[in-house]
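**Student:** Below you will find the structure I want to go over with you.
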Amino acid sequence: MALVLAGGVVANSDGVYRADVRIDGETIAGIGTCVVGKGDEVLDVSGKYLLPGGIDAHTHFDLPLSNGVRTADSFFTGTRAAIAGGTTCVIDYATQFKSESLREGLGNWHRLADGKCFCDYAFHMAITDWNESVSDELPEMISSGVTSFKMYMAYKGSLQVDDGVIYWALKRVMEVGGLLCVHCENGDVISALTEELSRRGCVGPEFHPVSRPPVTETEAVSRLTSIASLVGAPVYVVHVSAYSSMEKIIEAKARGARLFAETCPQYLYLDDSLYGGGWEAAKYVCSPPLRGSENHEGLWASLRSGFTDVVATDHCSFNFEGQKDGGHKDGMRGDFAKIPNGMPGVESRVLLMYKGVSEGRLSLPAMVRVISSNPAAIFGIYPRKGILIPGADADIVVLNPSGKTVISARTQFQNVDYTPFEGVEVPASIDAVYLRGVEVFRGGKFLEDAPAGRYVPRRASGLSVTDGGGVAGTRL
Ligand code: URP
Ligand code: ZN
Ligand code: ZN
């Protein structure tokens, strides 16, 4: 028996219109005003928006750090929180650590995630040890559905790679039809600044942003876009935090570069005044750090104008008590450089972006574009996901614009003892979430106890919805 969500307003990236949505099995069977078939169950969703399920293209669940600390959220807890927040698919960063093959790295991530995810999931592959045999493995990654890769220009001594490696990787990834994502910060300069601050005894968390000023990001963005244009390769810049970096991206895009930019809610809403709160500031230690509030308006404008393609979370959660405050290791208190980097956010992204809509910062179609359609298109799962059309997966968020949500650690599903958005009010609620046709969440409660998320192998793409949504825009 099919189910019809009737009387609601469908919000896709190309427009908002009154329509009923007929779900048959896992997919959408029809959208329009006359879609109810004989024997269909009809559910009244009048007054609600129906959005394509959110796609968070940047998470770190179950991530082990080199000092033995592990993120507070596993795939089980993180993807459960994702569903509660209206995200039905995540693309997590599987990581190849030093001396591992990509196959080993990917195998490790599958072991952590398979059978444990509440939402659908895919992987990018972060490469920290580039060599000939890794280069030879790229076609195998592509056929395993991993069509995007990541390199870090920061985290000297652990994840960082040099510019020569970025050059070779851009060339090779382009050759196999993939997309390289890059963390842009100048790791060498950050390391020098950190050492200098330490010598002067400036080691509290308030010095974290001092060690990574905007210019360290902006210079790295500029260097990356120059290398990418030399190679002629597409490239995706993760978590842009400073408007001066966006300006470099806007310039490169205006020159026709195939360049994609991602930002995160923390860079749109939070600012560096949060580093003034003593040890509490450790909660906000992430890289790149929060910036001055003067950056916000430009970052919102970049979203409106389409220069920023994606809003992801970079969800990388560590408890304040016992992890970020140094409880896990004697002697860590007092050294910002040893605070695990990252913040939670997978649960609040969709509502935070709707808050932007309610405040007139972004249109509803633009919101859908950056939280769902573009990540789906750029990373090769569009139009199976990222849009509500017949044939697409019935991943649907029922958003109530008359509801109210107050974000709080007390009520969140994220398995972490704080949220950076504590007390933020959003004039909407997520009433229900459907994952491939099954209602999995309603009225703040899970309807299914068992994780039903599936691995989503991806096609190569590297095109946003405005370029046609991927090579196979019409193929499901
Ligand atoms: O602080 C952050 N962002 N931690 C997660 C790893 C990364 O750089 O994306
Ligand atoms: Zn990063
Ligand atoms: Zn990240």
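The values are calculated or read from the model by the stated rules, or taken from the named source; none is laboratory data. In this text the structure is predicted, and so the values were computed from the model without any measurement. Positions of Cβ are generated from backbone atoms using ideal geometry, with glycine treated the same way; all protein chains shown enter the neighbour counts.
**Student:** Under 7 Å by Cβ, and 6 or more places apart or on different chains, what pairs join a residue from the stretch 50-61 that is within 16 Å of ligand 1 (Cβ to nearest atom) with one that is of a type in the set (Gly, Ala, Ser)?
**Tutor:** Listed pairs, sorted by first residue: ASP56/ALA82; ASP56/ALA312; ALA57/ALA312; HIS58/ALA312; THR59/GLY78; HIS60/GLY342; PHE61/SER74; PHE61/GLY78.
**Student:** Go through the stretch 236-259 residue by residue and tally those that are in contact (Cβ under 8 Å) with a residue 40 or more places away in the chain, aliphatic (A, V, I, L, M) and more than 16 Å from ligand 1 (Cβ to nearest atom).
**Tutor:** 3
**Student:** If a residue must be touching a strand residue (DSSP E or B) at 6+ places or on another chain (Cβ under 7 Å) and away from ligand 3 (no atom under 16 Å from the Cβ), how many such residues does the stretch 247-277 contain?
**Tutor:** Going through the stretch 247-277 one residue at a time, the tally reaches 4.
**Student:** Another one. Failed condition for PHE307, given (1) in a helix (DSSP H, G or I); (2) surrounded by fewer than 23 Cβ atoms within 10 Å (Cβ to Cβ), with all others met?
**Tutor:** (1)
**Student:** Restricting to the stretch 27-59, and then to whatever is buried (at least 24 other Cβ atoms within 10 Å of the Cβ) and not aliphatic (A, V, I, L, M), can you tell me which residue is farthest from ligand 2 (Cβ to nearest atom)?
**Tutor:** Within the stretch 27-59, the match that is farthest from ligand 2 (Cβ to nearest atom) is PRO52.
**Student:** Limited to the stretch 384-411, what total is found for residues that are buried (at least 20 other Cβ atoms within 10 Å of the Cβ) and in contact with a Pro (Cβ under 8 Å, 6 or more places away or on another chain)?
**Tutor:** Looking only at that region, the number is 8.
**Student:** Let me ask you something else. Can TYR121 be described as within 30 Å of PRO214 (Cα to Cα), of a type in the set (Phe, Trp, Tyr) and in contact with a strand residue (DSSP E or B) (Cβ under 8 Å, 6 or more places away or on another chain)?
**Tutor:** no
**Student:** Looking at SER402, is it within 24 Å of ALA19 (Cβ to Cβ), among the hydroxyl-bearing types (Ser, Thr, Tyr) and assigned to a helix (DSSP H, G or I)?
**Tutor:** No: the conditions fail for SER402.
**Student:** Provide a single number: the residues in the stretch 378-391 that are over 24 Å from GLY306 (Cα atoms) and touching a Gly at 6+ places or on another chain (Cβ under 8 Å).
**Tutor:** Residues in the stretch 378-391 being over 24 Å from GLY306 (Cα atoms) and touching a Gly at 6+ places or on another chain (Cβ under 8 Å): 1 in total.
**Student:** Right, something else. Give the stretch 397-415 a look and list any residue that's over 18 Å from the mean Cα position of the chain (by Cα) and aliphatic (A, V, I, L, M), or say none.
**Tutor:** VAL398, LEU399, VAL406, ILE407, ALA409 - these are the residues of the stretch 397-415 that are over 18 Å from the mean Cα position of the chain (by Cα) and aliphatic (A, V, I, L, M).
**Student:** So if I check each of VAL45, VAL9, VAL36, VAL21, which one is more than 16 Å from ligand 3 (Cβ to nearest atom), over 30 Å from HIS239 (Cβ atoms), in contact with a Lys or Arg (Cβ under 6 Å, 6 or more places away or on another chain) and of a type outside the set (Phe, Trp, Tyr)?
**Tutor:** VAL9
**Student:** Given the residues VAL424, VAL416, VAL406, VAL398, which is the only one that is more than 25 Å from TYR93 (Cβ to Cβ) and touching a Ser or Thr at 6+ places or on another chain (Cβ under 8 Å)?
**Tutor:** Testing whether each residue is more than 25 Å from TYR93 (Cβ to Cβ) and touching a Ser or Thr at 6+ places or on another chain (Cβ under 8 Å) leaves just VAL424.
**Student:** Going residue by residue through the stretch 331-353, is there one that turns out to be basic (Lys, Arg), touching a Pro at 6+ places or on another chain (Cβ under 9 Å) and within 16 Å of ligand 3 (Cβ to nearest atom)?
**Tutor:** There is at least one residue in the stretch 331-353 that is basic (Lys, Arg), touching a Pro at 6+ places or on another chain (Cβ under 9 Å) and within 16 Å of ligand 3 (Cβ to nearest atom).
**Student:** Collect the residues in the stretch 114-166 that are more than 16 Å from ligand 1 (Cβ to nearest atom), closer than 30 Å to GLY386 by Cα, crowded, with 17+ Cβ neighbours inside 10 Å and without any contact (Cβ under 8 Å) to a residue 60 or more places away in the chain, keeping them in residue-number order.
**Tutor:** GLU137, LEU138, MET141
**Student:** In addition: For residues that are over 30 Å from ARG258 (Cα atoms) and either among the charged types (D, E, K, R) or not in a loop (DSSP other than H, G, I, E, B) (or both), tally how many sit in the stretch 413-463.
**Tutor:** The qualifying residues number 22.
**Student:** Still on this model: Among VAL203, VAL231, which is the only one that is modelled with pLDDT under 95, surrounded by fewer than 24 Cβ atoms within 10 Å (Cβ to Cβ) and more than 16 Å from ligand 2 (Cβ to nearest atom)?
**Tutor:** One residue alone meets the criteria, VAL203.
**Student:** Moving on. Name the residues in the stretch 234-268 that are over 16 Å from the mean Cα position of the chain (by Cα), more than 14 Å from ligand 2 (Cβ to nearest atom) and assigned to a helix (DSSP H, G or I), would you?
**Tutor:** TYR243, SER244, MET246, GLU247, LYS248, ILE249, ILE250, GLU251, ALA252, LYS253, ALA254
**Student:** Right, here's the next one. Can you pull out the residues in the stretch 23-47 that are over 29 Å from the mean Cα position of the chain (by Cα) and either basic (Lys, Arg) or assigned to a loop (DSSP other than H, G, I, E, B) (or both)?
**Tutor:** Within the stretch 23-47, THR33, CYS34, VAL35, VAL36, GLY37, LYS38, GLY39, ASP40, SER46 qualify.
**Student:** HIS239: at positive phi, within 16 Å of ligand 3 (Cβ to nearest atom) and modelled with pLDDT of 95 or more, yes or no?
**Tutor:** Spelling it out, HIS239 is indeed at positive phi, within 16 Å of ligand 3 (Cβ to nearest atom) and modelled with pLDDT of 95 or more.
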